[in-house]
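Have a look at the structure below, then the notes.
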Amino acid sequence: MDNELKSIFQNLLSESTQDKPIAEVLKALTYAFPDEVCFSTSFSFEDQVITEMVKNLPLKIFTLDTGRLFEETYNTWNLTRSKYKVNIKAYYPDPGELEPFVQINGPDSFYRSVDNRKTCCDIRKVHPLKRALKGNKVWITGLRAEHSAARENLSPFEWDESNQIIKFHPLLFWTTDEVRDYIQQNQIPYNNLHDKGFVSIGCAPCTRAIQPGEDFRAGRWWWEDAGKKECGLHVHQ
Ligand code: ADX
Ligand code: SF4
């Protein structure tokens with residue numbers, strides 16, 4: 001889709017839904033695209049809010065288990081299964097790609113170069129994501145504008161050219177306090193790393209807590225330049 005068409009499309013969907021309750025928009029999407037709506041969860045604060053919102057809707061929920069997640073993330077996954085009884089499909093890296101990569105470079109090569117880091121993210125996240133998105137027309141995510149400069153300019157609806165899919169970010173303009181309040185009011189299980197200074201939570205070796213006042217993404221791939229801190233799941237053209 002060319003850039004002009006893309007922006008017309010994004011504005012049309014974003015503006016026509018902006019005053020509607022999120023629950024209605026989510027429901028409408030599942031009506032419009034039966035069996036073609038999916039939601040990716042990393043069990044973050046935002047994703048837990050969305051899980052509560054979509055728990056009774058006919059859509060596919062999936063997670064990308066990189067094999068390097070925190071124990072706390074697996075605990076949240078278990079709690080989410082017990083509370084919501086939702087079917088969460090896990091996608092795993094292809095051993096044919098992962099095994100030679102680790103054999104040649106070792107288990108933690110991401111600290112040594114940006115190229116190694118990107119290859120690791122490609123193998124453990126981006127390639128499994130492509131499999132997860134196959135056959136779907138709408139992809140729901142927990143992206144928020146507050147997360148990073150790159151995310152500030154997003155629209156709630158985006159056309160994702162590389163994955164040829166409509167993305168919807170229902171909590172794009174929510175503040176952290178709004179997310180926290182919703183979690184509390186609805187007694188939603190959450191990753192308790194969020195109580196220990198972790199804001200954005202990814203793989204354990206590549207995520208750390210941030211200090212008050214630090215940028216939200218400061219805890220991800222902290223040894224790299226700020227401009228390189230996307231793993232390729234969300235490519236913002
Ligand atoms: S990332 O690009 O830096 O890894 P981030 O952690 O901010 O992404 O999460 C943004 C959104 O991407 C989440 O709300 C979720 O929809 C999706 N996401 C990120 N990591 C995963 C994962 N491991 N499994 C499924 N979805 C994920
Ligand atoms: Fe590999 Fe780190 Fe990327 Fe996880 S975040 S896939 S461990 S480089």
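Could you name the lysines in cross-link range of residue 125, using Cα to Cα under 22 Å and dropping any fewer than eight places away on the same chain?
Hits, sequence-local ones excluded: 60, 89, 134, 137, 167, 228, 229.
When Lys and Arg each count +1 and Asp and Glu each count -1, what net charge do the other residues less than 15 Å away from residue 17, Cβ to Cβ, add up to? Please list the in-between numbers first.
Numbers: positive: 20, 27, 167; negative: 15, 19, 24, 158.
Combined, the nearby Lys, Arg, Asp and Glu give -1.
For the chain, with a Gaussian network of springs between Cα atoms less than 10 Å apart, report the residue from 170, 21, 93 with the top mean-square fluctuation.
21
Sticking with the crude label model, points 7 Å out along Cα→Cβ, report the distance from residue 56 to residue 12 in nm, one decimal please.
3.2
Provide the FRET efficiency to the nearest 0.05 for the residue 178-residue 102 pair, computing r from the beta carbons and using R0 = 35 Å. Please report the intermediate quantities before stating the final value.
Working: r = 40 Å, r/R0 = 1.15.
According to the calculation, E is roughly 0.30.
At 18 Å minimum axial length over the Cα atoms and a Kyte-Doolittle cut of -0.5, report the qualifying DSSP H helices in the chain, or say none.
3-17
Within a 10 angstrom radius of the beta carbon, how do 206, 120 rank from fewest other beta carbons to most?
206, 120
Placing +1 on the Cβ of each Lys and Arg and -1 on the Cβ of each Asp and Glu in the stretch 30-164, which of 98, 41, 150 has its Cα farthest towards the positive end of the resulting dipole?
Sorting the options by dipole projection puts first 41.
Give the calculated FRET efficiency between residue 5 and residue 216 to the nearest 0.05, with a Förster radius of 45 Å applied to their Cβ-Cβ distance.
Efficiency, from the Cβ-Cβ distance: 0.90.
Of the chymotrypsin sites (Phe, Trp or Tyr not before Pro) in the stretch 141-237, which ones lie in a loop per DSSP and count no more than 14 other C-beta atoms within 10 Å?
Those satisfying the criteria are 173, 222, 223.
Under a point spin-label approximation (7 Å from Cα along Cα-to-Cβ), what is the residue 153-residue 118 distance to one decimal in nm?
It works out to 2.0 nm between the two label points.
For every helix of n ≥ 4 consecutive DSSP H residues, a contribution of -39,500 (n - 2.57) applies; sum these over the chain, divide by its total residues, and give [θ] at 222 nm rounded to the nearest 500 deg cm²/dmol.
-11000 deg cm²/dmol
Laboratory data are not the source of any read-out in this text; all were calculated from the coordinates shown. These numbers come from a predicted model, not from an experiment. Note that we place each Cβ from the backbone using ideal geometry, even for glycine, and neighbour counts take in every protein chain shown.
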